[in-house]
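The values are calculated or read from the model by the stated rules, or taken from the named source; none is laboratory data. Note that the coordinates shown come from a computational prediction; the quantities given were computed from them, not determined experimentally. Cβ placement follows ideal geometry from the backbone for every residue including glycine, while neighbour counts extend to all protein chains displayed.
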Amino acid sequence: MRLRRLDLIRYGKFTDATIDFGPKPQTGPDLHIVFGLNEAGKSTALSGYLDLLFGIEERSRYNFLHEYSAMRIGGALELGGEEHIFTRTKQRANSLLNAAGQPVSEMAISSHLAGLSRDAYETMFSLDDETLEAGGKSILESRGDLGKLLFTASAGLGHASDTLRLLEAEADGLYRKQAHGTELALLKKRLAELKSRREAVDTLASTFETLETERLDATEKYDRSITERSVLSARLET
C-alpha cells in the first residue's frame with residue numbers, strides 16, 4: 001500500500017489542503033520528507049492519514065475548527081498496483097466513501113493492512129518522539145521478549161522467532177564466551193598449534209645468513225674436491 005495523495009478537506013486547522021506525493025517513480029527511491037515549523041500541522045497530517053485508514057477517532061482532538069459532523073479527510077491510495085480514491089467522514093457507521101461518494105466496506109482498506117490494528121500500525125510505522133520513547137520503555141520493561149513477540153504477531157511474521165532462534169544457535173556454534181568446542185575456539189586452538197610449530201622451526205635472519213654462508217662454502221669445497229678427485233683419477237689411469 002502506498003499513499004499517493006492526502007486531502008485534509010476539513011480537518012484540524014486545515015481546509016481543502018492537499019499533500020500530493022506524486023506517482024511512484026519507475027526507478028530510484030520513493031522517499032518523501034514533509035517538513036515545517038512547529039505547529040505547522042505535521043502531526044495533524046499524520047493523524048489525518050491514520051484516520052483515513054482506520055476511521056476518525058471517537059473523541060478526536062482535531063475538531064477545533066470544524067465540527068465533528070463536518071470533519072472530512074480524503075486521499076488516493078495505491079492498493080495492489082491500482083489507485084483508489086477514498087473519503088472518510090466522522091460517523092460511527094459507513095464512514096468510508098469511494099470516489100463516487102458511496103459507502104464502501106472497511107475491507108477495501110483493511111484487507112491491505114495485514115491484520116494490523118490502528119495501535120499496531122501507529123507503533124510500527126507512525127513514529128515520533130513520543131512513540132519512540134514510549135515504545136523503547138515498553139520493550140525495556142518487558143525485557144525484550146514481549147516486545148519481539150508483539151512485533152512478530154502484529155506484523156504477521158510468526159516465523160521470525162524461529163528464524164531468529166536458528167540464527168542464534170548458528171552464532172553460538174561459531175562463538176560462545178568461555179566455550180571450548182565452538183568452531184572459532186577450535187580454529188584458535190589450531191592456529192596456536194601451527195604458531196608453535198612455526199616457532200620451533202623458525203630461524204633468526206642473522207642465523208639464517210650465517211648458515212647460508214656456511215652452506216655456500218661447503219658447496220664450493222665439495223665442488224673443488226670432486227674436481228681434484230677427477231684429476232687424480234685421470235693421472236692414475238695413465
Every residue from the range 114-128 that is surrounded by 14 or more Cβ atoms within 10 Å (Cβ to Cβ) and over 14 Å from D51 (Cβ atoms):
L116, A120, T123, M124
Where R4 falls short, out of the listed (1) part of a loop (DSSP other than H, G, I, E, B); (2) modelled with pLDDT of 95 or more; (3) touching a Gly at 6+ places or on another chain (Cβ under 8 Å):
(1)
Of the residues S43, S47, which is under 26 Å from the mean Cα position of the chain (by Cα), closer than 23 Å to S110 by Cβ and touching a residue at least 12 places away in the same chain (Cβ under 8 Å)?
S47
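If a residue has to be in contact with a Lys or Arg (Cβ under 8 Å, 6 or more places away or on another chain) and either surrounded by fewer than 10 Cβ atoms within 10 Å (Cβ to Cβ) or farther than 25 Å from E82 by Cβ (or both) to count, how many in the range 19-37 make the cut? Can you show your working first?
Of the residues in the range 19-37, the ones in contact with a Lys or Arg (Cβ under 8 Å, 6 or more places away or on another chain) are 19-24, 30, 34-36.
Of the ones still in play, those that are also either surrounded by fewer than 10 Cβ atoms within 10 Å (Cβ to Cβ) or farther than 25 Å from E82 by Cβ (or both) are 22, 35-36.
Residues that pass the stated criteria total 3.
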For the range 178-211, how many residues meet the condition of being among the hydrophobic types (A, V, I, L, M, F, W, C), surrounded by fewer than 10 Cβ atoms within 10 Å (Cβ to Cβ) and not in a helix (DSSP H, G or I)?
1
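Select, from T18, T44, T27, the only residue that is over 25 Å from S117 (Cα atoms) and either touching a Gly at 6+ places or on another chain (Cβ under 6 Å) or in a strand (DSSP E or B) (or both). Even if it seems obvious, please write down each step before you answer.
Working: T44 fails: over 25 Å from S117 (Cα atoms); T27 fails: either touching a Gly at 6+ places or on another chain (Cβ under 6 Å) or in a strand (DSSP E or B) (or both).
Just a single option satisfies the conditions, and that option is T18.
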Has the range 76-90 got at least one residue that is in contact with a strand residue (DSSP E or B) (Cβ under 6 Å, 6 or more places away or on another chain), among the hydrophobic types (A, V, I, L, M, F, W, C), surrounded by 15 or more Cβ atoms within 10 Å (Cβ to Cβ) and in contact (Cβ under 8 Å) with a residue 60 or more places away in the chain?
yes
Scanning the range 56-110 for residues that are within 21 Å of K24 (Cα to Cα) and assigned to a loop (DSSP other than H, G, I, E, B) gives G80, G81, A99
